[in-house]
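The structure appears below as structure tokens.
Just so it is clear, none of the values below were taken in a lab; they were calculated from the coordinates. Remember, it's a predicted structure, so these values are computed and weren't measured experimentally. Every residue, glycine as well, gets a Cβ built from its backbone with ideal geometry; the counts of neighbours run over all protein chains shown.
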Amino acid sequence: MSDLLFLRAEAIRGLGICHVSFLMFFFLNPFVSQMVRAQSNDASIRFDKETKVFRIDAADTSYVLGINEVKQVQTLYWGKRLSMDDTFAAPHSASGNSSFDLSTNTTPQEFVAWGGGVYIEPDLKVTFPDGNRDLVLQYQSHTIDGRLLTLRLKDISREVYVDLQYEADPITGVLRRSAQVENKTASPLNIGQIASGTWNLPRGTDYRLRYLTGRWAGEWRLQEQRIQPGKTVLESRRGSTGDQNNPWFAIDRDGSNDQDHGDVWFGALGWSGSWRISIEQDQVQQVRVTGGPNDFDFNYRLAAGERLQTPNFYAGYSHDGIGGASRLLHRFELGSILPNAPHPKLRPVLYNSWEPTGFNVDEAGQESLAEKAATIGVERFVVDDGWFGQRSGDKAGLGDWNVNPVKFPHGLRPLIDKVHSLGMDFGLWVEPEMVNPNSDLYRKHPDWVLNFPGRPRTEGRNQLMLNLARPDVRAYVFQFLDSLLNENDIAFLKWDYNRNWSEPGWPAVAPEEQKKVYITYVQNLYSILEELRRRHPHVEIESCSGGGGRVDLGIMQYTDEVWPSDNTDAFDRLLIQDGFTYAYTPGVMMAWVTDSPTWVNQRTLSLEYRFLSSMQGSLGIGADLNHWKPQDFETAKKMVAQYKQIRETVQRGSLYRLISPQNGSEYSVTESIAEDQKLAVAFAFLHSSQMLYPFPRIYLRGLKADVTYRIKALDGKLSTGSPAVASGAFWMQHGVDVDLRGDFQAAAFTLEAVSK
Ligand code: DGJ
């Protein structure tokens, strides 16, 4: 952690220096319009007036683009950082292949407007009121403001402007891209498709795509496929992020890459509504990745004088394999995305009784669980679904956010006081965007839900979607949450969302405005979260969507943690957590220890195994403490204490996948290492021993070779042959043997620096 702070401070100091060095450099070199010191962990943006080339250097990455002779913005390079002396010739648009493949399709453009003859994926497609649908954007001007480059484009004849924004993170080299469309014509125009930008990869035919798919209780399945001519579309049409696909991709070179070696280009979209990322290998074998809000059923009417800003599309490059790519993304999320970044708070150990009690929460029952949770070192006690309205199951109550007087006759106050007196803070479950038809809210405001008049209102889990795009619904949701937080000492909200959209009508506005719901809904969601956080800065929030259905870099700007899956089977979780961490940091990944046999697979797992699986992320307990034996409490107490020793390393450190659980592997091993490389923790899991084979040797990564580390078993067994202390080189080259045999066995150990 301290190194991270140091690097960040360096980067900020770098910006301070920039003004001085910029001025000196500017006079010496008229082609340079602005420079922010350029070294690793710094960012610089340079512009060569002669060639019209922009060069962005940040951390270990260079990104180069230029304005070609027809004023298109063209990608020139994206990859490992180049020498500052390397120069680029003035860009030229590609020649078309034939009369069938015009240059507009073969030039690697950064932002493609649909006009002229464009057959590749466009970033922007508009319709003017006169029926004209032709848009041809040309570079007009640019500004460089510290780490932000903005290119202003304009249509060749109409007053339509697009600002392309590029912002480089000096710590990781991750670039943020976004586009803003401005309608300066006298009439409205209809945007039928809009993306944040296109990422063009270097020409190649050996690319491999990784992406994440899933479903409820089976999220975060890692997929790999070779990129072939044609298009792969990752998307959600669900109104929210969804778990069928997650808005993340990584592309590497098949054959020459592994976990920690080789070129990887990766990206993630910061959008919690319907989205789409297309990965296209075109007819001249160029690969381009375009992403933004989904264009399915989409239209955004942009009135005269209005602007529309796209979501942020982040992308980066790693020379250190897919493991390096995810480590950069984790660092970026911790340093730039999460609330309180670059110092997001560590996740406390929490308790939640959802699995044992379901909707049957009441004052006495929760107090009794809280007493037990406190004895094992739990720091936050969370009351889940069932505390409000007429909520005795999932058929009623959503929308009526008043405390249920039968379950909590004196309100929440006595329970909250009790939780505080036990040394824990208090958290509460809410599902603000939903309503049950069987609720006072729906009886009063049946028009508040997404619907098409006269058509069925399809229910999911017996609930309907409130239309958060409506100003009155937005106000209601904000108001009840604000009051809840004003009236109760609540440290944490678990913000749930248990269905996706259907009949997405917004009949209260004119027909031509109705499809704006896809954008306005999400904007209002973000604005509620932002305003709540501003008014209640101590309150933390979890993004949950029946599991991992709303995890993306958009919602993560407002939420401190996420719930990856309702599947809490500790063995299934190995695969779920492995997939999750390709895109998202373990620092936000909640993982509960629940009961065995699990409700999911009826699999029996030891308490130690369940703890070690959950300790790879942000530890929580979701088991029925009323049925625990004294020995279980002892084990849990010990393991919670151990977790607190390694928590910072797990949540903030660098994650290495030493043995992958993918593809039916019998083994899984992860290692987290602290930023200062003084502490590493490794977790090893065995599915089943077979044919007398021993567990594979574990080779640590990322240690300092010449530093001595002491090995200590957290739980489970180290082989008796292991020395107590050895150099980092020894642990990385010779490795460590763990003595795991049997079914569903687990072990963990730490390596702590004892010298230098
Ligand atoms: C779905 C969540 O994922 C669960 O953890 C729980 O909060 C339920 N909803 C409550 O209805």
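Only bridges with both residues in the chain count here: give the DSSP antiparallel percent, nearest 5.
Just about 85 percent of them are antiparallel.
In region 267-321, what chymotrypsin sites (Phe, Trp or Tyr not before Pro) fall in a loop by DSSP, with at most 16 other Cβ atoms inside 10 Å?
Passing sites in region 267-321 are F296.
Which of G96, Y300, F111 sits closest to the plus end of the dipole of the chain, meaning its Cα is farthest towards the positive end, when Lys and Arg get +1 and Asp and Glu get -1 on the C-beta?
Towards the positive end, the residue furthest out is G96.
Mind ranking 343-353, 642-652, 75-85 by how tightly packed they are, going by the mean number of other C-beta atoms within 10 angstrom, highest first?
Details: 343-353: 21.5, 642-652: 19.5, 75-85: 15.2.
Most protected by this proxy first, the peptides run 343-353, 642-652, 75-85.
Size of the dipole of region 346-496 about the Cα centre, Lys and Arg at +1 and Asp and Glu at -1 on the beta carbon, nothing else charged, in debye to 20? The partial results should precede the final answer.
Working: 16 positive and 22 negative charges, 90 e Å.
The calculated dipole for region 346-496 is roughly 440 debye.
Taking region 184-255, how much of its Cα-Cα pair set, in percent, is spaced more than 16 angstrom apart? Let's see the in-between values first.
Numbers: 1604 of 2556 pairs.
Every Cα pair in region 184-255 considered, those over 16 Å come to 63 percent.
Along region 686-703, what does the Karplus equation 6.51 cos²θ - 1.76 cosθ + 1.60 (θ = phi - 60°) give for ³J(HN,Hα), rounded to whole Hz, x for Gly and Pro?
With the stated coefficients, region 686-703 comes to 10, 6, 8, 5, 9, 6, 6, 6, x, 5, x, 5, 9, 9, 5, 10, x, 7 Hz.
Ratio to report: Rg/Rh of region 287-429, with Cα atoms as the point set and Rh obtained by the Kirkwood method; give two decimals.
Values: Rg = 22.4 Å, Rh = 19.6 Å.
My calculation of the ratio gives 1.15.
Treating cross-link reach as a plain straight distance, find the lysines whose alpha-carbon is under 21 Å from the alpha-carbon of K704, omitting any fewer than eight places away in the same chain.
K678, K712, K756
Over all directions, how big on average is the projection of the convex hull of the alpha-carbon atoms in region 95-337, in square nanometres? The partial results should precede the final answer.
Working: hull surface 55.9 nm².
Dividing the Cα hull surface by four gives the mean projection, 14.0 nm².
What are the ³J(HN,Hα) couplings of region 436-447, residue after residue, when phi is run through the Karplus curve with 6.51, -1.76, 1.60 and θ = phi - 60°? Round to Hz, x for glycine and proline.
Using θ = phi - 60°, the values come out as 7, x, 8, 7, 5, 4, 5, 4, 7, 10, x, 7 Hz.
So what does log10 I(q)/I(0) come out to for region 449-496 at q = 0.15, 0.19 Å⁻¹, using the Debye formula with one equal point on every Cα and no solvent?
For region 449-496 at q = 0.15, 0.19 Å⁻¹, log10 I(q)/I(0) is -0.57, -0.79.
What is the packing order of peptides 569-578, 728-737, taking the mean over residues of other C-beta atoms within 10 Å and listing the highest first? Walk me through the numbers before you get to the answer.
Working: 569-578: 23.7, 728-737: 17.7.
Top to bottom by mean Cβ count within 10 Å: 569-578, 728-737.
Give me the percent relative contact order of region 263-411, please, defined on Cα pairs under 8 angstrom at least 6 residues apart. Spell out each step's value before the answer.
On the way: 183 pairs, mean separation 25.1, N = 149.
Over region 263-411, the number comes to 17 percent.
How would you order 540-549, 594-603 from highest to lowest mean count of nearby Cβ atoms within 10 Å?
Details: 540-549: 25.3, 594-603: 15.7.
The peptides rank, most packed first, as 540-549, 594-603.
Going by amide H atoms built from the backbone, whose H comes under 5 Å of the H on M590, apart from near neighbours?
Placed amide hydrogens put V562, S618 under 5 Å from M590.
Sort out for me the Cα centre separation of region 646-712 from region 550-618, rounded to whole Å.
With region 646-712 and region 550-618 each reduced to a Cα centre, they are spaced 18 Å.
Please compute the Kirkwood hydrodynamic radius of region 617-756 from all pairs of different C-alpha atoms, in Å with one decimal.
Details: mean 1/r = 0.0628 Å⁻¹.
Value: 15.9 Å, from the Cα pair sum.
Charges only on Cβ, +1 for Lys and Arg, -1 for Asp and Glu: so what's the dipole of region 657-753 about the Cα centre, in debye to the nearest 20?
Values: 9 positive and 10 negative charges, 24 e Å.
Here the size comes out at about 120 debye.
Rounded to whole Hz and in sequence order, give me ³J(HN,Hα) for region 261-277 from the Karplus expression 6.51 cos²θ - 1.76 cosθ + 1.60, θ = phi - 60°, writing x for Gly and Pro.
Calculated HN-Hα couplings, in order: 9, x, 6, 9, 10, 9, x, 8, 9, x, 8, 9, x, 4, 9, 7, 10 Hz.
Write down Rg/Rh for the chain, rounded to two decimals, with Rg from the C-alpha atoms and Rh from the Kirkwood relation over Cα pairs.
Details: Rg = 26.8 Å, Rh = 27.5 Å.
That ratio is 0.98, to two decimals.
Non-local amide H neighbours of D739 (under 5 Å, H modeled in plane, Pro and chain starts lacking H): which ones?
Here K717, L718, S719 satisfy the definition.
Which value results for Rg/Rh of region 123-208 when Rg is the Cα radius of gyration and Rh the Kirkwood radius based on the inverse mean 1/r? List each step's numbers first, then the result.
Numbers: Rg = 15.5 Å, Rh = 14.8 Å.
A ratio of 1.05.
Considering the Cα trace of region 347-474, what is its radius of gyration and what is Dmax, both in angstroms?
16.8, 56
Near the amide H of G548, under 5 Å away, which other amide H atoms are found, from residues 5 or more places off or on another chain, if H is placed in the peptide plane?
A217, S565, D566
For n ≥ 4 DSSP H runs only, could you compute -39500 (n - 2.57) per run for the chain, divide by its residues and tell me the 222 nm figure to the nearest 500? Walk me through the numbers on the way to the answer.
Values: 13 runs with 161 residues, N = 756.
Mean residue ellipticity at 222 nm (helix-derived): -6500 deg cm²/dmol.
Could you work out the relative contact order of the chain? I mean the mean sequence separation of Cα pairs under 8 Å and 6+ apart, divided by the number of residues, in percent. Please report the intermediate quantities before stating the final value.
Numbers: 1867 pairs, mean separation 70.5, N = 756.
Once divided by the residue count of the chain, the mean separation gives 9 percent.
Return the FRET efficiency for the residue pair K644, A724: r is the Cβ-Cβ distance, R0 is 35 Å, and the value is rounded to the nearest 0.05.
Values: r = 24 Å, r/R0 = 0.67.
Working from the Cβ atoms, E equals 0.90.
Take the Cα atoms of region 578-643, find their three principal axes, and give me the spread along each one in whole Å, biggest first.
Extents along the principal axes, in whole Å: 38, 29, 16.
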